[in-house]
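Okay, so here's the structure we're looking at.
The values are calculated or read from the model by the stated rules, or taken from the named source; none is laboratory data. Predicted model only: the values in this text are computed from it and were never measured. All Cβ positions, even for glycine, are placed from backbone atoms using ideal geometry, and neighbour counts span all protein chains on display.
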């Protein structure tokens, strides 16, 4: 375990003020991320909430270089930036993609897979808030089963399970990938440092609080993120060359309802006629947790 002061921000690498909504996880995520990466970093931003939050040119929230790029092109753009920096001998400069789930799970998946397969020396951060929040809260393949969005409204709520991005990325045999939560900051900052100091393609998936999209109170963002981990809806783990390791195991498992009941996007599930869906979500959550435990045990056997 790192000393406690290793997880504190020693020097701010963001300017005060941001164009985020109240309670948005993006600003907190980037504040801590940037403090660990420092100013010698190039951030590549596809279309996403953070491409707006960071500020339109010539403004920028970050005390570092920022490249705005197309929705589908962030990993390809980052590949070019990395190659140009290496050609100049700037091999220690970090190249970091900051993308949402729409630009990762969906529109940017092909470019992401290509960069991962080539083992480009890039750190990829995906803020998974479960929908295309920046453009009006439309469903993505990261949107949870049972959630309401503007493209799955009312009784048309999402009726398919979200894509297993971490399983897909693990299949690329990466040197490092992990899930993180802003509610567990020591775990989060420790994983950022591990990813920072690893060569090759690395990916961190962050649970992204989004009050407008999740229909929550801004002041509840971190407590709901904590409930998501403790209810095992968003497990915390690392993957190194397809070897899984759980980094946090709740002492007591909370039922998924303890997290879902605070989010307006799931309000309809608590009606009597829909309660079977809550049972489905609990069963799916239990199965996914047991699968992760089995993968961790397999990694220990193979070690």
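Listed values, structure above:
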{"quantity": "Test: residue in segment 148-162 that is closer than 24 Å to residue 253 by Cβ and in a helix (DSSP H, G or I)", "calculated": "no"}
{"quantity": "Residues of segment 169-185 classified as farther than 14 Å from residue 28 by Cβ and either touching a strand residue (DSSP E or B) at 6+ places or on another chain (Cβ under 7 Å) or modelled with pLDDT under 95 (or both), total", "calculated": "8"}
{"quantity": "Search result, residues across segment 188-222 that are over 25 Å from residue 282 (Cα atoms) and surrounded by fewer than 19 Cβ atoms within 10 Å (Cβ to Cβ)", "calculated": "193, 194, 196, 197, 198, 199, 200, 218, 219"}
{"quantity": "Counted residues, segment 231-248 - those being part of a loop (DSSP other than H, G, I, E, B) and either within 15 Å of residue 288 (Cα to Cα) or free of Cβ contacts under 8 Å to residues at least 24 places away in the same chain (or both)", "calculated": "5"}
{"quantity": "Search result, residues across segment 109-147 that are more than 16 Å from the chain's Cα centre (by Cα) and part of a helix (DSSP H, G or I)", "calculated": "110, 111, 113, 114, 115, 116, 117"}
{"quantity": "Number of the condition not met by residue 225 [criteria: (1) touching a strand residue (DSSP E or B) at 6+ places or on another chain (Cβ under 8 Å); (2) over 24 Å from residue 160 (Cβ atoms); (3) surrounded by 17 or more Cβ atoms within 10 Å (Cβ to Cβ)]", "calculated": "(2)"}
{"quantity": "Residues within segment 59-106 that are within 16 Å of the chain's Cα centre (by Cα) and either free of Cβ contacts under 8 Å to residues at least 24 places away in the same chain or not in a helix (DSSP H, G or I) (or both), tallied", "calculated": "6"}
{"quantity": "Any chance residue 42 is touching a helix residue (DSSP H, G or I) at 6+ places or on another chain (Cβ under 8 Å) and either modelled with pLDDT of 95 or more or not in a strand (DSSP E or B) (or both)", "calculated": "yes"}
{"quantity": "Enumeration of residues in segment 129-138 that are in contact with a strand residue (DSSP E or B) (Cβ under 8 Å, 6 or more places away or on another chain) and surrounded by 22 or more Cβ atoms within 10 Å (Cβ to Cβ)", "calculated": "129, 131, 132, 133"}
{"quantity": "Segment 261-272 - residue that is without any contact (Cβ under 8 Å) to a residue 12 or more places away in the chain and not in a helix (DSSP H, G or I) and, of those, farthest from residue 204 (Cα to Cα)", "calculated": "271"}
{"quantity": "Count of segment 21-58 residues which are crowded, with 23+ Cβ neighbours inside 10 Å and free of Cβ contacts under 8 Å to residues at least 12 places away in the same chain", "calculated": "0"}
{"quantity": "Which listed residue is over 26 Å from residue 212 (Cα atoms), part of a helix (DSSP H, G or I) and without any contact (Cβ under 8 Å) to a residue 40 or more places away in the chain, from 251, 283, 258, 296", "calculated": "283"}
{"quantity": "Residue among 154, 146 that alone is surrounded by fewer than 16 Cβ atoms within 10 Å (Cβ to Cβ) and either out of contact with any strand residue (DSSP E or B) (no Cβ under 6 Å at 6 or more places or on another chain) or without any contact (Cβ under 8 Å) to a residue 24 or more places away in the chain (or both)", "calculated": "154"}
{"quantity": "Residues satisfying the stated conditions in segment 186-209, i.e. part of a helix (DSSP H, G or I), more than 13 Å from the chain's Cα centre (by Cα) and within 21 Å of residue 241 (Cβ to Cβ)", "calculated": "187, 190, 193, 194, 195, 196"}
{"quantity": "Selection status of residue 275, more than 20 Å from the chain's Cα centre (by Cα), assigned to a helix (DSSP H, G or I) and within 25 Å of residue 171 (Cβ to Cβ)", "calculated": "no"}
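Per-residue answers, yes or no, for (1) crowded, with 23+ Cβ neighbours inside 10 Å; (2) at pLDDT 95 or above; (3) in contact with a helix residue (DSSP H, G or I) (Cβ under 7 Å, 6 or more places away or on another chain); (4) at negative phi:
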| residue | (1), (2), (3), (4) |
| --- | --- |
| 81 | no, yes, no, yes |
| 84 | no, yes, no, yes |
| 88 | no, yes, no, yes |
| 92 | no, yes, no, yes |
| 96 | yes, yes, yes, yes |
| 109 | no, yes, no, yes |
| 114 | no, yes, yes, yes |
| 119 | no, yes, no, no |
